[in-house]
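Please treat every number below as a calculation from the coordinates, not as lab data. Predicted, not measured: the structure shown is a model, and the values here were computed from it. As a convention, Cβ positions derive from the backbone with ideal geometry for all residues, glycine included, and neighbour counts pool all protein chains shown.
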Amino acid sequence: MPQAAGEHRHRKLQGRSRVKSAVIVFPGSNCDRDLAVAIRDITGTAPTMVWHRETSLPEGVDLIALPGGFSYGDYLRSGAMSARSPVMAEVIAAATRGVAVLGVCNGFQVLTEAGLLPGALMRNAGLDFVCRDVQLTVANSQTMFSSRYDAGATITIPVAHHDGNYFADAETLDRLEGEGRVVFRYAEQVNGSARDIAGVVNAQGNVLGLMPHPERLIEAEQGGTDGRRMFEALLAALG
């Protein structure tokens, strides 16, 4: 029996190792290592760290992650300069082919500036930097990023941002709602986001941007594991 269990664990790890991922690093990124550790611990394989000036991505990459931070010091607009980094042309091409892309916090800002997601992230209502655990509601549990959550469930994920106030015109917001592309909402007032939107996917369903940081709650020692299920969902979809 112990031998069989050991063989099962070995097969499971072999399956996990098939997921090939990359974390894009911009000047001013400060959550790239956190994101890399989360991906490594849950998929079983460390991601390739890709500097923003690179003009190619690892061959056969399954998941591209854009981390939080303050790329380029948030000059012009948060994420605006990073969205024009050389590597982003490859990220856009990969996303168009259907490769999974996850943008967290500053990564969400970069995705909107690059045109991979609609809308914009503006200064928080009240112009305060918000850094605390917040309650989210799972609005859509049928995406590759959210399938390990129950629809309507309330989860706890930390935020740390000054420009997380999601904005889009009414027509775009109605379309996002109607197509089920709002994946997470704030269950409490956090930053003034339109319709309490915390995370959205693209029309194809393979690109998610969200302001909260799931990588900061993947182990009980961090105070909770609600973020872990997002990476487990990706593993199930891509592994």
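Miscellaneous remarks
- Dipole magnitude for the chain: about 600 debye, using +1 per Lys or Arg Cβ and -1 per Asp or Glu Cβ, origin at the Cα centre.
- Each stretch of four or more DSSP H residues adds -39500 (n - 2.57); spread over every residue of the chain, this sum gives -8500 deg cm²/dmol at 222 nm.
- Normalised contact order of the chain, rounded percent, pairs of Cα under 8 Å and 6 or more residues apart: 19
- Summarised in one figure, the compactness ratio Rg/Rh of segment 31-152, Cα atoms and Kirkwood Rh, is 0.96.
- Three principal axis lengths of segment 72-126 [C-alpha, angstrom, descending]: 39, 19, 15
- Principal axis extents of the C-alpha atoms in the chain (largest first, rounded to whole Å): 59, 40, 33.
- Legend: Rg and Dmax of segment 18-84, from Cα coordinates, 12.2, 39 Å.
- When the square roots of the Cα gyration tensor eigenvalues are ordered a ≥ b ≥ c, the ratio a/c for segment 52-98 is 1.5 or more and a/b exceeds b/c, which makes its shape prolate.
- Rg of the Cα atoms in segment 199-239, relative to 2.2 N^0.38 Å, amounts to 1.28.
- Looking at segment 46-104, the trypsin sites (Lys or Arg not before Pro) that sit in a DSSP loop and have at most 12 other Cβ atoms within 10 Å of their own Cβ are Arg53.
- Residue with peak Gaussian network fluctuation, the chain [Cα springs, cutoff 10 Å], from Gly69, Gly178, Gly227: Gly178
- Candidates Ala95, Ala203, Ala139: whichever shows maximal mean-square fluctuation once the chain is modelled as a Gaussian network with Cα springs under 10 Å: Ala203
- Taking Ala114, Ala93, Ala198 as the candidate residues, the one with maximal mean-square fluctuation in a Gaussian network model of the chain, Cα springs under 10 Å, is Ala93.
- Sparse packing (at most 14 other Cβ atoms within 10 Å of the Cβ) combined with a DSSP loop state is found for the following GluC sites (Glu not before Pro) in segment 33-108: Glu59.
- Gained length - Tyr75 relative to Asn30, 0.36 nm times residue gap less alpha-carbon distance: 14.6 nm
- Of all DSSP beta bridges confined to the chain, the antiparallel ones make up roughly 60%.
- Of the chymotrypsin sites (Phe, Trp or Tyr not before Pro) found in segment 133-188, not one falls in a DSSP loop while having at most 15 other beta-carbon atoms within 10 Å.
- In whole angstrom, segment 139-197 maps to an equivalent ellipsoid with semi-axes of 19, 17, 9, each derived as √(5λ) from the alpha carbon gyration tensor and ordered largest first.
- Euclidean distance between Cα centres, segment 118-177 to segment 78-97, Å: 21
- Over every Cα atom in segment 97-216, the radius of gyration and the widest Cα-Cα span, Dmax, amount to 12.9, 39 Å.
- Per-residue packing, averaged as other Cβ atoms within 10 Å, sorts the ranges 204-215, 102-113 into the order 102-113, 204-215, beginning with the highest.
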